[in-house]
Amino acid sequence: MTYIFLGALALLGALALGNYLLRMDRRILRRGLRWAIGGLGILAAAGLLFARRFDLALFVGAGAFAVLRTGRLGAFSFDGPATGAGNTSKVQSHSFAMELDHDTGAVSGRVLNGQFAGMDLMDLGEMDTRLLLAEVEEDTDSLTLLESWLDANRSGWREYFASQDAGEKSSAGTAADPVAEAYDVLGLKPGAGHEEIRAAHRDLMKAVHPDHGGSSYLAAKINQARDLLLKQAL
């Protein structure tokens, strides 16, 4: 009777333990198994070393070390499956739907509304991206998501856009200022004197004068620049 009673208690204990394990969070269970199996493997390797079974001890110890260090034993992972919904995060705003893959760090995005609705952000070129930034600039959530996507997929985009804008402003400013353009044509700095202007003009005309096979258009531009700067220097 004593053995039957003890057997019944053992069975009830096993059922209770199984029920508890079934209700336990899978990630916690896998992590516990990882350390339990790794620890038992280390103890087994130590016992084999004590028994002078060095070959088996090396094999078991290497497996236990791999379990403890990487959480994997062959194709089996104690940290859960390598892929799945748990490894991605999704977020959405009025204009965008974004997804982050935690395994690779890749950020994908799709446009939900506006002139580019339905398009993948990866398919947008520079001008489209500029238009999209302007389109969502009043929507803080959408703008933040778009900037995050650009940071992840178009590294250095802020600096590139800023340099392009600065170059366009510089070109526009030069074109709007004929005096500045004249200095650029002759390769002079603002404030150059009469002699510097004439010397620069002579040197350039030697290379581009129409009589020597040069360009009449460039010769005209150089002459105009000289005349304008000589007037400014009076």
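Placing a pseudo-label 7 Å from each Cα along the Cα-to-Cβ vector at T104 and A180 gives an inter-label distance of 4.6 nm. Please find the FRET efficiency linking D141 to I37, where r is the Cβ-Cβ separation and R0 is fixed at 41 Å, and quote it to the nearest 0.05. Given R0 = 41 Å and the Cβ-Cβ separation, E is 0.35. Using 0.36 nm per residue and subtracting the Cα-Cα separation, the extra length available between S148 and M127 on full extension is 5.7 nm.
Computed extension gain for D203 through M119, at 0.36 nm per residue and net of the alpha carbon distance, reaches 24.7 nm.
Rounded to 0.05, the FRET efficiency of the Q224 and A166 pair, given R0 = 22 Å and the Cβ-Cβ distance, is 0.20. Compared with the alpha-carbon gap, the fully stretched path from S155 to H194 is longer by 9.2 nm at 0.36 nm per residue.
Roughly how many Å² is the accessible area per residue of region 104-151, as a whole number, for a 1.4 Å probe?
Details: 2640 Å² over 48 residues.
Each residue of region 104-151 exposes 55 Å² on average to a 1.4 Å probe.
The values are calculated or read from the model by the stated rules, or taken from the named source; none is laboratory data. Because the structure is a prediction, the values reported are computed rather than measured. Note that each Cβ is placed from the backbone with ideal geometry, even for glycine, and that neighbours are counted across all protein chains shown. When the accessible area is computed, the model is the full protein with side chains, heavy atoms only, and any ligands, DNA or RNA have been set aside. Shrake-Rupley method; radii C 1.70, N 1.55, O 1.52, S 1.80 Å.
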